[in-house]
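Data block below; observations after.
The values are calculated or read from the model by the stated rules, or taken from the named source; none is laboratory data. All values reported here derive from a predicted model rather than from experimental measurement. All Cβ positions, glycine included, derive from the backbone under ideal geometry; neighbour counts span all protein chains shown. Heavy atoms of the whole protein, side chains included, go into the accessibility calculation; ligands, DNA and RNA do not. Shrake-Rupley method; radii C 1.70, N 1.55, O 1.52, S 1.80 Å.
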Amino acid sequence: MLTLYNSLARGIEPFEPRKRGRVKMFTCGPSIYQRPHIGNYRTFLFEDILQRYLEYLEYAVERTLNFTDVEDKSIQEATKLNMDVLELAERNSMVFFRELVMLRIKPPDHNPRSSTSVEQAVSLIEELLKKGYAYWYRGNVYFDPLKFEGFGKLSRVDKSRWPQGKKRFHRDTYPGNRWNLGDFILWHGYRKGDTIFWDSPIGKGRPAWNVQDPAMAVQTLGFEIDIFCGGIDNMVRHHDYVIAVTESVSGKPLSRYWLHGAHLLVEGKKMSKSKGNIIYPDELQKAGHTPEEIRFFLMYRHYRKRLNFTYDKLKKTSAKLKLALGAVESLQGAAGTGTGDAGVRELTGRLRKDFERNMDNDLDVRLAFDDMLEVLLKLKRLADSGKVSPQDASDAVGELRKMDYVFQLLFTDNTAPHAVT
RNA sequence: GCCAAGGUGGCGGAGCGGCUACGCAAUCGCCUGCAGAGCGAUUACACUCCGGUUCGAGUCCGGACCUUGGCUCCA
């Protein structure tokens with residue numbers, strides 16, 4: 001049985017969807033004002049593995065991956081580049097989709113953008129105003145978290161430290177105070193000189209970040225979903241806000257499971273523009289690595305552990321992948337005598353059991369791969385010495401294919417979760 | 001400053017109360033016409049430090065030191 005670490009419970013729990021056999025997943029997408037780096041892809045990759053494993057388990061998965069295309073940062077960046085905000089987003093989203101395909105990440109079922117869910121955001125804001133959670137202040141709309149009873153349940157906010165006096169921030173981002181606790185903005189009312197805004201029932205303006213994700217989630221999946229994912233950095237503030245906004249409106253828990261992926265570091269340090277150590281997938285390709293090698297590197301560590309990127313490590317994991325690929329090739333070419341071998345069948349039988357045991361354990365991809373490789377290498381040796389009959393080889397390869405629907409590393413044409421060979 | 005994660009052999013990385021992790025690298029041997037790959041073996045006491053619990057501790061408890069991350073937006 002699949003178990004997952006739920007940030008909400010701070011522990012590993014058995015996975016049970018709300019509706020039998022169906023899973024609704026919301027995965028926080030990239031800020032699209034710049035192109036995604038390998039750290040972003042690590043998170044999308046962990047989500048991809050989750051989706052694929054759920055499909056392997058025969059769940060019908062419906063996934064949303066959103067783009068935050070209109071926000072302070074994107075407006076800033078577009079202004080700097082002298083571009084239209086939406087044009088900038090479009091350019092980066094094309095890069096993103098190209099790289100998704102390259103890394104064999106399954107494209108999402110829904111891909112809303114903040115700019116395409118303004119209506120939904122406005123209706124959430126109207127509802128919050130009506131219910132008294134939100135209020136107008138100098139042309140903007142703010143949310144008062146203290147009005148929402150469950151506030152901070154995800155990141156375990158200490159409400160006794162929450163400022164009681166009203167503090168109003170005009171931007172989502174604000175420098176200064178260590179604990180910027182206080183009300184957060186939902187709607188930026190139009191101001192002279194604004195380059196992007198909408199006409200809406202509540203006036204001219206644009207929705208703020210913390211209402212955009214709720215709007216996109218609700219618009220595509222409704223108020224009750226199964227799994228909400230994102231990078232660990234989103235847990236503390238953003239996801240608590242998302243919960244506050246949606247649950248204040250619906251009165252129902254937004255998501256049963258909250259999963260957060262740990263970050264990727266480069267040479268032991270956080271990637272940042274100022275350090276100049278941001279790495280993009282195409283750089284690794286230029287260095288001679290295949291998409292599968294990049295995918296493998298990024299998924300070959302438990303998703304809740306930090307992953308340190310170094311070229312040396314990439315070289316090592318790539319060698320490991322090559323070893324596996326070579327073994328699969330040997331196995332596929334096996335032409336031993338047709339009698340079959342009990343040892344071979346025993347090994348083949350182990351593949352699936354090991355895989356499911358490891359993946360069920362909060363997606364232990366690393367162990368799942370290592371255990372598979374161990375068995376695979378044993379099979380290869382048997383194949384090399386002519387002990388594997390064509391039928392046994394094809395049985396073993398069939399098992400590998402099923403697992404590789406999740407891994408997406410060994411076979412290139414593996415698009416169905418229950419491939420028949 | 002506050003919060004969190006972590007400090008394991010040359011490197012990467014498991015284990016989390018007793019039993020060889022493992023992989024890479026290195027060294028030696030076997031095999032191969034060279035190279036590569038493969039096979040086998042070796043690398044004498046690897047677990048940051050100091051206390052404690054225990055018959056027994058990388059593994060539990062307390063403390064110190066160090067590293068990284070978060071506390072502003074960020075996958």
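Any residue that is modelled with pLDDT of 95 or more and open to solvent by less than 10 Å² (accessible area, probe 1.4 Å) - is there at least one of those in segment A:191-206? Yes, segment A:191-206 contains at least one residue that is modelled with pLDDT of 95 or more and open to solvent by less than 10 Å² (accessible area, probe 1.4 Å).
Here is a yes/no grid of residues against (1) open to solvent by 10 Å² or more (accessible area, probe 1.4 Å); (2) free of Cβ contacts under 8 Å to residues at least 12 places away in the same chain; (3) closer than 30 Å to A:F15 by Cα; (4) among the charged types (D, E, K, R):
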| site | (1), (2), (3), (4) |
| --- | --- |
| A:S248 | no, no, yes, no |
| A:G251 | yes, yes, yes, no |
| A:W258 | no, no, yes, no |
| A:M271 | yes, no, no, no |
| A:N277 | yes, yes, no, no |
| A:L284 | no, no, no, no |
| A:H289 | yes, no, no, no |
| A:I294 | no, no, yes, no |
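May I ask you to list the residues in segment A:76-122 that are β-branched (V, I, T) and open to solvent by 30 Å² or more (accessible area, probe 1.4 Å)? Those that are β-branched (V, I, T) and open to solvent by 30 Å² or more (accessible area, probe 1.4 Å): A:T79, A:V101, A:T116.
Just one of the listed residues (A:S114, A:S93, A:S74) is of a type in the set (S, T, N, Q), farther than 22 Å from A:Y300 by Cα and away from RNA strand B (no atom under 12 Å from the Cβ), namely A:S93.
Between A:Y33, A:Y56, which is under 17 Å from A:P417 (Cα atoms) and either at pLDDT 95 or above or out of contact with any strand residue (DSSP E or B) (no Cβ under 7 Å at 6 or more places or on another chain) (or both)? Testing whether each residue is under 17 Å from A:P417 (Cα atoms) and either at pLDDT 95 or above or out of contact with any strand residue (DSSP E or B) (no Cβ under 7 Å at 6 or more places or on another chain) (or both) leaves just A:Y56. Taken together, the criteria place A:L351 among residues that are open to solvent by less than 20 Å² (accessible area, probe 1.4 Å), under 30 Å from A:L259 (Cβ atoms) and more than 15 Å from RNA strand B (Cβ to nearest atom). Return yes or no: is A:L221 in the same structural domain as A:D360 (by TED's automatic domain parsing) and either open to solvent by less than 20 Å² (accessible area, probe 1.4 Å) or within 13 Å of RNA strand B (Cβ to nearest atom) (or both)? No: the conditions fail for A:L221. The single condition among (1) on the phi > 0 side of the Ramachandran plot; (2) open to solvent by 50 Å² or more (accessible area, probe 1.4 Å) that A:G21 does not satisfy is (2).
Scanning segment A:370-400 for residues that are open to solvent by 40 Å² or more (accessible area, probe 1.4 Å) and either within 20 Å of A:L321 (Cβ to Cβ) or not assigned by TED's automatic domain parsing to the domain that holds A:L347 (or both) yields A:D370, A:E374, A:K378, A:K380, A:R381, A:D384. Residues in segment A:32-70 that are acidic (D, E) and out of contact with any Asp or Glu (no Cβ under 7 Å at 6 or more places or on another chain) were compared, and the one that is nearest to RNA strand B (Cβ to nearest atom) is A:E47.
Among residues of segment A:231-243 that are touching a residue at least 24 places away in the same chain (Cβ under 8 Å) and open to solvent by 10 Å² or more (accessible area, probe 1.4 Å), those with a beta-carbon under 8 Å from a residue that is among the hydroxyl-bearing types (S, T, Y) and more than 7 Å from RNA strand B (Cβ to nearest atom) at least six positions away or on a different chain give the pairs A:M235/A:S7; A:M235/A:S155; A:V236/A:S155; A:R237/A:S155.
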